[in-house]
1. Picking from 80, 49, which residue would you name as being surrounded by 14 or more Cβ atoms within 10 Å (Cβ to Cβ), free of Cβ contacts under 8 Å to residues at least 60 places away in the same chain and under 29 Å from residue 18 (Cα atoms)?
2. Restricting the range 20-31 to residues that are touching a helix residue (DSSP H, G or I) at 6+ places or on another chain (Cβ under 7 Å) and assigned to a helix (DSSP H, G or I), which is surrounded by the most Cβ atoms within 10 Å (Cβ to Cβ)?
3. Restricting to the range 121-137, name every residue that is surrounded by 10 or more Cβ atoms within 10 Å (Cβ to Cβ) and over 17 Å from residue 48 (Cβ atoms).
4. Which residues, taken from the range 82-137, are in a loop (DSSP other than H, G, I, E, B), more than 25 Å from residue 70 (Cβ to Cβ) and touching a strand residue (DSSP E or B) at 6+ places or on another chain (Cβ under 9 Å)?
5. Test each condition in (1) under 30 Å from residue 20 (Cβ atoms); (2) surrounded by fewer than 18 Cβ atoms within 10 Å (Cβ to Cβ); (3) without any contact (Cβ under 8 Å) to a residue 40 or more places away in the chain; (4) touching a helix residue (DSSP H, G or I) at 6+ places or on another chain (Cβ under 7 Å) for residue 111 and report the one that comes out false.
6. Taking the range 58-81, which residues are outside any helix (DSSP H, G or I) and out of contact with any helix residue (DSSP H, G or I) (no Cβ under 7 Å at 6 or more places or on another chain)?
7. Give me the residue from the range 57-75 that is within 10 Å of residue 25 (Cα to Cα) and free of Cβ contacts under 8 Å to residues at least 40 places away in the same chain and, out of that set, surrounded by the most Cβ atoms within 10 Å (Cβ to Cβ).
8. Within the range 36-46, is there a residue that is more than 20 Å from residue 75 (Cβ to Cβ), out of contact with any strand residue (DSSP E or B) (no Cβ under 6 Å at 6 or more places or on another chain), at pLDDT 90 or above and surrounded by 11 or more Cβ atoms within 10 Å (Cβ to Cβ)?
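The values are calculated or read from the model by the stated rules, or taken from the named source; none is laboratory data. All of these numbers come straight from a predicted model, not from anything done at the bench. Here the Cβ is made from the backbone with ideal geometry for all residues, glycine too, and neighbour counts use every protein chain on show.
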């Protein structure tokens, strides 16, 4: 029988200081202005905003602020689920996951368009196909 040697291990504990924003929506507006969103959006543009399950605090407020700013700029925003196989990898299941997180059309002010259909945008330099949600495309 061969003896297995395991590497030395040590417990590591990391504490990350978290800051708190008092005005989430005001910060979102400020950051969207900082990146020049107004110069990137054309009147009547249909813009997909992703919504997922990454545990972002105040996600509904963040999405609501992004949607409101896009509407102010004359765009037509909608939300698309961005979560891979969550919700059973079905459009209805993903909408259900978003709803359980409080992310609904009425909460954020934009329709949710969920589909599992994809289109290929192209390929990477190494030949790997790149796909995106058909509705977002």
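1. Numbers: 49 fails: free of Cβ contacts under 8 Å to residues at least 60 places away in the same chain.
Result of the check over 80, 49: 80.
2. First pass over the range 20-31, keeping only residues touching a helix residue (DSSP H, G or I) at 6+ places or on another chain (Cβ under 7 Å): 21, 24-25, 28-29.
Okay, now just the ones that are also assigned to a helix (DSSP H, G or I), so 24-25, 28-29.
Working: 24: 17, 25: 16, 28: 20, 29: 17.
That would be 28.
3. Passing the criteria: 123, 129.
4. Taking the range 82-137 as the starting set, the residues that turn out to be in a loop (DSSP other than H, G, I, E, B) are 82-85, 90, 101-104, 109-111, 113-117, 124-128, 134-137.
If we keep only those that are more than 25 Å from residue 70 (Cβ to Cβ) as well, we get 85, 90, 124-128.
The one that is in a loop (DSSP other than H, G, I, E, B), more than 25 Å from residue 70 (Cβ to Cβ) and touching a strand residue (DSSP E or B) at 6+ places or on another chain (Cβ under 9 Å): 124.
5. With (1) under 30 Å from residue 20 (Cβ atoms); (2) surrounded by fewer than 18 Cβ atoms within 10 Å (Cβ to Cβ); (3) without any contact (Cβ under 8 Å) to a residue 40 or more places away in the chain; (4) touching a helix residue (DSSP H, G or I) at 6+ places or on another chain (Cβ under 7 Å) applied to residue 111, the lone miss is (1).
6. So the first thing to find is which residues in the range 58-81 are outside any helix (DSSP H, G or I), and the list is 58, 73-81.
Selection gives 74, 75, 76, 78, 80.
7. For the range 57-75, the residue satisfying everything is 66.
8. Filtering the range 36-46 for residues more than 20 Å from residue 75 (Cβ to Cβ) gives none.
No.
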